[in-house]
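Heads up: the structure comes next, in structure tokens.
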Amino acid sequence: MNETPSSQSLLFLTDEQLRKGIEAMFFAYRGFTADPDRILQEKGYGRAHHRAVHFIHRSPGTTVNNLLSILGVTKQSLNRVLRTLIEDGLVESRVGPEDKRERHLYLTETGSVLERELTEAQRDRMRMAYKAAGPSAVAGFRQVLEAMMDEDIRRQYEALRDKTT
């Protein structure tokens with residue numbers, strides 16, 4: 001990305017400060033995923049299973065193609081994850097009402113129980129961090145995360161964010 005002199009003058013963070021932010025993100029992500037990782041490992045699942053369960057919960061009846069778009073993974077990779085979740089009774093795949101080629105995904109009761117357990121672990125960590133940081137930091141943090149998203153990803157995020165479940 002080429003920066004013009006005027007855009008450089010607007011940048012108020014040094015490279016060292018940005019590096020520290022990048023490293024904080026890496027370590028925060030490790031913390032954010034640590035509790036769910038332990039729960040998933042006990043059940044023989046990984047983060048890909050967690051992401052699938054999370055987004056199927058957020059959009060019950062979502063199609064496989066929509067889930068592919070949200071997760072940004074290959075069809076082969078998603079099929080492996082979904083096959084396991086369906087075989088283990090956590091996800092149900094139903095034929096589309098209008099297009100019989102489509103598969104719509106729903107969590108089963110067992111899948112919903114796992115989703116709640118995983119989400120509650122992350123919710124607890126977020127709640128503690130938000131409480132420690134304060135309301136203005138929470139709003140600023142969300143702004144930073146949203147600003148880092150590519151435009152098409154931000155649209156997907158906004159569509160999910162605006163849903164209430």
- request: Over the chain, average the accessible area per residue using a 1.4 Å probe and give it in Å², no decimals.
  value: 70
- prompt: So what's the angle, to the nearest 10 degrees on a 0 to 90 scale, between helix 151-161 and the longest Cα principal axis of the chain?
  reply: 60
task: Give the angle, between 0 and 90 degrees and rounded to the nearest 10, that separates the Cα long axis of helix 15-43 from the longest principal axis of the Cα atoms of the chain.
output: 20
- prompt: Gap in Å between the Cα centre of region 77-143 and the Cα centre of region 25-65?
  reply: 7
task: Hey, can you grab everything whose amide H is under 5 Å from the amide H of T62? Only 5+ residues off in sequence or another chain; H modelled, so Pro and N-termini drop out.
output: L105
- prompt: Straight-line reach from K100: which lysines have Cα under 24 Å away, leaving out those fewer than 8 places along the same chain?
  reply: K75
field: Farthest positive-ward along the chain dipole, Cα basis, beta-carbon charges - from I86, L13, A132
entry: I86
task: Match the structure shown to one of the listed values [x] 34; [y] 40; [z] 20 of percent of Cα pairs over 26 Å apart, computed from it, and give that label.
output: [y]
message: As I understand it, the dipole of the chain uses +1 on the Cβ of Lys and Arg and -1 on the Cβ of Asp and Glu, about the Cα centre. Which of S69, G44, H57 lies farthest toward its positive end?
response: G44
field: Solvent-accessible area, 1.4 Å probe, carbon plus sulfur percent, for the chain
entry: 56
statement: The size of the Cβ-based charge dipole (Lys, Arg +1; Asp, Glu -1) of region 63-165 about the Cα centre, to the nearest 20 debye, is 160
query: Nearest 10 degrees, 0 to 90: what angle lies between the long axis of helix 47-58 and the longest principal axis of the chain (Cα atoms)?
result: 80
query: Relative contact order (percent) for region 13-165, with alpha-carbon contacts under 8 angstrom and 6 or more residues of separation?
result: 24
message: Can you compute the modelled spin-label distance between N65 and M126, with each label point 7 Å from Cα toward Cβ, in nm?
response: 3.0
query: Using only helices, what value at 222 nm comes out for the chain when you add -39,500 (n - 2.57) per DSSP H run of length 4 or more and divide by the total residues, to the nearest 500 deg cm²/dmol?
result: -23500 deg cm²/dmol
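The values are calculated or read from the model by the stated rules, or taken from the named source; none is laboratory data. Small disclaimer: the values here were computed from a predicted structure and weren't measured. Here Cβ is always computed from backbone atoms with ideal geometry, including for glycine, and neighbour counts include all displayed protein chains. For accessibility, only protein heavy atoms count, side chains too; no ligands or nucleic acids. Shrake-Rupley method; radii C 1.70, N 1.55, O 1.52, S 1.80 Å.
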